[in-house]
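Please read the structure below before turning to the comments.
The values are calculated or read from the model by the stated rules, or taken from the named source; none is laboratory data. Since we're looking at a predicted model, the values are computed, not measured. For neighbour counting, all protein chains shown are included, and Cβ atoms are generated from backbone atoms with ideal geometry for every residue, glycine included.
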Amino acid sequence: DSGVTQTPKHLITATGQRVTLRCSPRSGDLSVYWYQQSLDQGLQFLIQYYNGEERAKGNILERFSAQQFPDLHSELNLSSLELGDSALYFCASSVTSLNRGDEQFFGPGTRLTVL
Amino acid sequence: AQSVTQLDSQVPVFEEAPVELRCNYSSSVSVYLFWYVQYPNQGLQLLLKYLSGSTLVESINGFEAEFNKSQTSFHLRKPSVHISDTAEYFCAVSDVTGANNLFFGTGTRLTVIP
């Protein structure tokens with residue numbers, strides 16, 4: 001158990017809908033990262049937050065957004081869903097945002113299926 | 001920009017045999033290097049990492065990786081694999097001057113055959 005929790009574990013929805021994925025980082029970690037794992041794109045970094053502020057952005061679509069709340073949990077919002085958004089979405093956390101090579105601790109993921 | 005190449009998508013190997021999982025990277029800046037492992041239906045776990053210093057790094061469960069700057073490689077090796085090593089292995093890099101986000105390779109599925 002990494003200490004990172006993600007809810008829900010599975011999500012099945014239809015095209016055009018909007019969903020929210022939730023992540024609680026390890027106790028004491030201030031940075032949260034979102035990654036998407038799909039068969040065709042592999043593991044891709046989406047976005048990073050540090051202590052409530054956006055820190056880095058990767059290959060995140062404009063239909064996707066995220067935020068980190070004062071209690072440090074984070075939510076990833078996916079809207080106007082398409083079939084290609086079906087993937088495993090991972091949240092990870094680390095102590096700081098500074099790149100000292102800190103280990104990122106990954107949650108178990110949320111499997112999103114868009115029908 | 002960084003990129004990571006794992007040429008072998010699948011590697012079957014018999015139990016107690018040695019294994020090498022290959023990883024090459026491309027980057028215009030200095031990077032940190034990582035190997036993460038993903039067991040079935042689980043999230044990723046850090047296996048080992050290279051930040052600086054000795055180019056040979058080891059994990060607690062017998063894996064080792066060697067950073068080769070001239071060949072831009074960070075291959076993962078184990079002299080004798082166990083059934084429990086069956087998993088997906090991901091090589092990753094992060095820009096030492098940037099944020100801590102990781103760029104992953106496409107992964108190598110290691111299957112240990114009894």
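Are there any strands (runs of 3 or more DSSP E) wholly within chain B with 3 or more residues that are within 13 Å of chain A (Cβ to nearest Cβ) and under 22 Å from A:Leu39 (Cβ atoms), and if so which?
Where strands (runs of 3 or more DSSP E) fall fully within chain B and carry at least 3 residues being within 13 Å of chain A (Cβ to nearest Cβ) and under 22 Å from A:Leu39 (Cβ atoms), they are B:2-5, B:31-38, B:87-95.
For segment A:75-96, what are the residues that are over 16 Å from the mean Cα position of the chain (by Cα) and within 11 Å of chain B (Cβ to nearest Cβ)?
Scanning segment A:75-96 gives A:Val95, A:Thr96.
Please verify whether segment A:20-38 includes one or more residues that are more than 14 Å from the chain's Cα centre (by Cα), without any contact (Cβ under 8 Å) to a residue 12 or more places away in the chain and within 14 Å of chain B (Cβ to nearest Cβ).
There is no residue in segment A:20-38 that is more than 14 Å from the chain's Cα centre (by Cα), without any contact (Cβ under 8 Å) to a residue 12 or more places away in the chain and within 14 Å of chain B (Cβ to nearest Cβ).
Does A:Ala56 meet the test of being small (Gly, Ala, Ser), on the phi < 0 side of the Ramachandran plot and more than 10 Å from chain B (Cβ to nearest Cβ)?
No: the conditions fail for A:Ala56.
Go through segment A:106-115 and give me each residue that's at the interface with chain B (Cβ under 8 Å from one of its Cβ atoms), farther than 15 Å from A:Ile47 by Cα and assigned to a strand (DSSP E or B).
Matches in segment A:106-115: none.
Just for segment B:16-46: of the residues that are among the aliphatic types (A, V, I, L, M) and over 24 Å from A:Tyr89 (Cβ atoms), which one is modelled with the lowest pLDDT?
B:Val29
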